[in-house]
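Some notes on the structure that comes next.
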Amino acid sequence: MFKHFLVPLDGSQLAETILPVTQTLAQMCRARVTLLHVVEPAAPATIHGQPHLMNAAQAETYLQARAAQLTAQGIAAAWHVDTAARGVANAIFAHGLELQADLILLADHGASGLKSRIVGSIPQQVLQRGEIPVLLVRTASLRDHVFECKNILVPLDSSALYETALDAACELARLSDATVHPIVIVPTVDALSPEHAATSVILPSSTRAVLDLAETGARQYVDEKIAALHARNLRAVGHVARGDVVTKILERATAVHADLIVMATHGRAGLDAFWSGSIAPRVVNRAPIPVLLLRVKNAEPTR
């Protein structure tokens, strides 16, 4: 499924958080890796308190050394340097297309605060630009550890629209002998999205009844998916929860010792994600483990 990884690096140790994940997944998928650095015009001398790659020559030397480390682990690795005349996110995605990469791996350690919420982090911008899946790591906790893929959490919502995530998780599980953990979260009345909260105030009893029916449907849906996965000789454990979607995803990830979360998303970024309350960016911002995001293009189901 994933045979060519594109891994942007900026020269910082934080960005290198992605390398243990890259190594494990590349060996597992027998994928080749292209390391990329995008030289920014008037680049700052430091980034995250460390010397910044200032020009193409420095970037070539740096990427060549990192590629050699991957090659020593039996991974086919190359490198490429470009300039950010079209913007860093644009350059990353454009190279993903030009090099025919089928997975972009990024350590999301970019800007924080209001600017990030309005403009969107570089990884979220990359995801918004196209259909190439993006794997994100938000923490440096993996930097000194070997990444394993033994438990994969897959948030679903009882619609076929997001099952591309389940397909990807199953492929990775087959390669790594992992257990797949599908989960569907049905909100409680107090955890409804803003657009549905007004209705719950006007019709509280009806809203509770609808949510209870949704829970019953979710349990049936999860049971069907688990049976189908067992029929394919995959280990799988399903779960249905009630409450805030993001909170319950993260709680379940902890409970099953998940190594990876796989989600399908519409790739909202910036103001769109901020106002819509899109789930994926909030999971990425809080998850202590890697999150693999796959784009879906069809209309979201009516809720």
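Just so you know, all these numbers are worked out from the coordinates, no wet-lab data involved. Quick caveat: nothing in here was measured; it's all calculated off a predicted structure. We place every Cβ from the backbone using ideal geometry, glycine too, and count neighbours over all the protein chains shown.
Here the extension length gained between residue 146 and residue 83 equals 19.5 nm, from 0.36 nm per residue of separation less the Cα-Cα distance.
Modelled spin labels at residue 76 and residue 42, positioned 7 Å past Cα toward Cβ, are 4.2 nm from each other. Taking amide hydrogens as placed 1.01 Å from N in the peptide plane, the amide H of residue 78 sits under 5 Å from those of 33, 34, 35, each at least 5 positions away in sequence or on another chain.
With R₀ fixed at 35 Å, the C-beta to C-beta distance from residue 219 to residue 174 puts the FRET efficiency at about 0.85.
Just to verify a number: FRET efficiency for residue 60 and residue 97, C-beta to C-beta distance, R0 = 25 Å, to 0.05? Before the final figure, lay out the partial values.
Working: r = 22 Å, r/R0 = 0.89.
Computed FRET efficiency for residue 60 and residue 97 comes out at 0.65.
Gain on full extension, evaluated as 0.36 nm per residue between residue 210 and residue 231 minus their Cα-Cα distance, stands at 4.4 nm.
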